[in-house]
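Notes follow the structure.
The values are calculated or read from the model by the stated rules, or taken from the named source; none is laboratory data. The structure displayed is predicted, hence computed values, not measured ones. Because the Cβ atoms are built from the backbone with ideal geometry, glycine has one as well, and the counts that use them run over all protein chains shown.
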Amino acid sequence: MSKLVWWQRSVIYQIYPRSFQDSNGDGIGDLPGIRARLDEVAALGVDAIWLSPIYPSPMADFGYDVAHYCDIDPIFGTLDDFKQLMDHAHALGLKVLLDFVPNHSSERHPWFVQSRSSRDNPKRDWYLWRDPAPDGGPPNNWLSRMGGSAWEWDAATGQYYYHAFLREQPDLNWRNPQVRRAMDDVLRFWLDYGVDGFRVDVLWLLIKDAWFRDNPPNPAYVAGEPEHHRQLQTYTEDQPEVHEIVRSMRATLNEYGERVLIGEIYLPVAQLIQYYGANGEGADMPFNFQLLNARWNAAELAATIRDYDSALPEHAWPNWVLGNHDNPRVASRVGNAQARVAAVLLLTLRGTPTLYYGDEIGMTDGVIAAHEVRDPAELRQPGSGQGRDPERTPMQWDSSLPNAGFSSGQPWLPIATATSVCDQQGDPSSMLSLYRRLLSLRRRNAALVQGAIGNIAADGQVLTYERWFADQRLFIALNMGDADADVQSRPGVALLSTLTARTGVVFVAGANRIAAGEAVIVAV
Ligand code: TEU
Ligand code: CA
C-alpha cells in the first residue's frame, strides 16, 4: 500500500458543520463541537474529514454563499478554532479538507458590492452582467437551479446579473484572469494554513457560454422534475474551457505536495472522467455520484460498477459516494436492511469511498414540518421535493432527550430518528458496529485498498464481484433481494457478514446460501 498516496488509501467522512455538534447551545453545530467529537470520528476508522463551508456567510444557502473566502463565520467560531480543530485532527491522523466555493460568492461579498456599485467599477467584470433583451426581459432563457430565472435585474445600473443558484449567489466570471488570480490566492491561503485539500463546489459549472446562447429545451423533461431540467444545460455546464481551470487548480495544489483536489460534478461518466485530465493533470477525485440515483438492484448496480470502472483512464483513481448533504439519505433510499448491504458495497468497491455523517448509524431522512423548512431549495419551490433539510438533520450522539446530545439548545432542524451512536456502539449487530468492522477490515486488506476488481456479475438479486492483490483474493456477494439465494463461490471463509453471527462461516466450492439482505466478504 506504500505506493499509494494518502487520499487513495483513505475513507473520507463528510461533516455538515451546522449539524454535527453544537458547543455553545445556540442549536447550530460549530468548530469547537466538531473538535470535541474528533476522537470518535477517528475511532470510527475514517482517514479524512471534509467540512462543508464554514466561511462568513449570510447563510442564504447555509454557507454556500460565501461573503469572505479566508475567514470563519462567527456562528462556527474563529480562525483559531479552525486551527485548533485541524491540529487536533492531524494529531489523530485525520486529514482535513475544506469546501471551496469558487463558482459564485454571496451578494454581500465586497467583490460583488463593488461590482454592482457602477458599470465602470473595476470589479464590474468579476461577475456576469448583461443588458436586458430587446423586450426588456432577461438576457436569455437560462434557469436557476433553485427555480425561476437565473437573471436578477439591478435597476441601479440597468443590467441583469447571472446566478446559477439563488439571486443571493451571483456567479463569478471565470473568464476574467483577475477572478482566477483572486481564487488562486484563496487556495494558497488555506494551503499555507495546512489544509490537506479541497472539495470544489460545482466544478462543472464554472464556465458559461461566451455568447450567452439560449439553452435548448429538454425533450425528455418529466413534469415534477426540478424546473431547470426543462432545458438541456448545453451552454451553462461542462464547457470545454473549464478543464484549463482544473489544471490550474491542480498546479497550485502540486506546489504544496500531496494535497487532494476533489470536484463536485454531476455528469454522466463519459463526461465526468474528462475532469481527471488527459494525463492526470486534472482533479484527483471527480466525485462519482452514480450510486446516488442508481436503481437498487443487482443488474443495474453491476452495470454501473462495470461501466464506471472500465471507463476510467489508466492514471485515474476511482471513488464512490453513497450520500451527501444534497440528496436523500441512503437508508431512506434503500431501506434499513439494504443500507447494511450498501455499507459493504461502498467500502469494498475499488477506489476512495466518501461516507456522509450519520450514515454510519443508519440515519434516515428527517421529517420536516412546513414551518421547520430552512432549505431555500424547498422554500423557493414549495412541495417540489427539492428540499435538502431531511438529509441535514443533527447528528444523533446519544439517546438523551430532546436533542440526542447534539445541542443543549433548540436545534436548527429537528432530530430525525431515535437511534444514536451511544445506543449502537455496544451492540455488535448495530450499523455502527458494521461500519467499524468494515472500515477496519478495509484498512487491513490490500485487496480492498488497492486491489483490482473483476468478475462483476448479477445473478437474480445477488450482486457479486472479486477484489484481488498479490496472493489475496476476496469474493464479495450482496443479496439485494428479500429472499435467500444461492451464490456460486470458491471455497473460503467469510471475513465479514452483515449478519454478525455468520462472520467466520465456511464457503464451499459451488453453491452457498446467503440470506435476504445479507452481504458477505469471503477470503477465497
Ligand atoms: O450543489 C450543486 C448542485 O447542483 C446541488 O444543488 C444538487 O444538484 C441539488 O441540490 C440536487 O442534488 C452544490 C452544493 O453541494 C449545494 O449544497 C449548494 O446548494 C449548491 O452547490 C450551490 O452552491
Ligand atoms: Ca453552536
Exercise. Quick one: count up the residues across the range 14-51 that are within 16 Å of LEU94 (Cα to Cα) and within 16 Å of ligand 1 (Cβ to nearest atom).
Key: 4
Exercise. Return yes when ASN288 is surrounded by fewer than 22 Cβ atoms within 10 Å (Cβ to Cβ) and farther than 22 Å from ASN176 by Cα and no when it is not.
Key: no
Quiz item: In the range 141-160, what residues are over 31 Å from the mean Cα position of the chain (by Cα) and either part of a loop (DSSP other than H, G, I, E, B) or without any contact (Cβ under 8 Å) to a residue 12 or more places away in the chain (or both)?
Solution: ALA155, ALA156, THR157, GLY158
Quiz item: Can you name every residue in the range 461-489 that is in contact with an Asp or Glu (Cβ under 9 Å, 6 or more places away or on another chain) and outside any strand (DSSP E or B)?
Solution: GLN461, ASP484
Quiz prompt | Breaking point among (1) out of contact with any helix residue (DSSP H, G or I) (no Cβ under 7 Å at 6 or more places or on another chain); (2) farther than 30 Å from ARG380 by Cβ; (3) within 16 Å of ligand 2 (Cβ to nearest atom), for GLN84 | solution = (1)
Quiz prompt | Residue count, the range 1-41 (criterion: assigned to a helix (DSSP H, G or I) and closer than 28 Å to ARG444 by Cα) | solution = 12
Quiz item: How about the range 250-273: which of its residues are touching a Pro at 6+ places or on another chain (Cβ under 8 Å) and of a type outside the set (Val, Ile, Thr)?
Solution: GLY263, LEU272
Self-check item: Residue check for ILE207: of a type in the set (A, V, I, L, M), more than 16 Å from ligand 2 (Cβ to nearest atom) and part of a loop (DSSP other than H, G, I, E, B)
Solution: yes
Quiz item: Only one residue in PHE112, PHE62 is at pLDDT 95 or above, within 16 Å of ligand 1 (Cβ to nearest atom) and at positive phi. Which one?
Solution: PHE62
Quiz prompt | Residues within the range 191-207 that are out of contact with any strand residue (DSSP E or B) (no Cβ under 7 Å at 6 or more places or on another chain) and away from ligand 1 (no atom under 15 Å from the Cβ), tallied | solution = 5
Quiz prompt | Enumeration of residues in the range 403-423 that are of a type in the set (A, V, I, L, M) and either modelled with pLDDT under 95 or away from ligand 1 (no atom under 16 Å from the Cβ) (or both) | solution = ALA404, ILE415, ALA416, ALA418, VAL421
Quiz item: Do we find that GLU378 is touching a Lys or Arg at 6+ places or on another chain (Cβ under 9 Å) and modelled with pLDDT under 95 in this structure?
Solution: yes
Quiz item: Would a scan of the range 379-395 turn up a residue that is more than 16 Å from ligand 1 (Cβ to nearest atom) and under 18 Å from LEU301 (Cβ atoms)?
Solution: no
Quiz prompt | Test set (1) more than 18 Å from LEU187 (Cβ to Cβ); (2) within 16 Å of ligand 2 (Cβ to nearest atom); (3) crowded, with 23+ Cβ neighbours inside 10 Å - ILE49 fails condition number | solution = (2)
Practice problem: Taking the options ARG175, ARG213, ARG181, ARG188, name whichever one is away from ligand 1 (no atom under 15 Å from the Cβ) and without any contact (Cβ under 8 Å) to a residue 40 or more places away in the chain. | Solution: ARG181
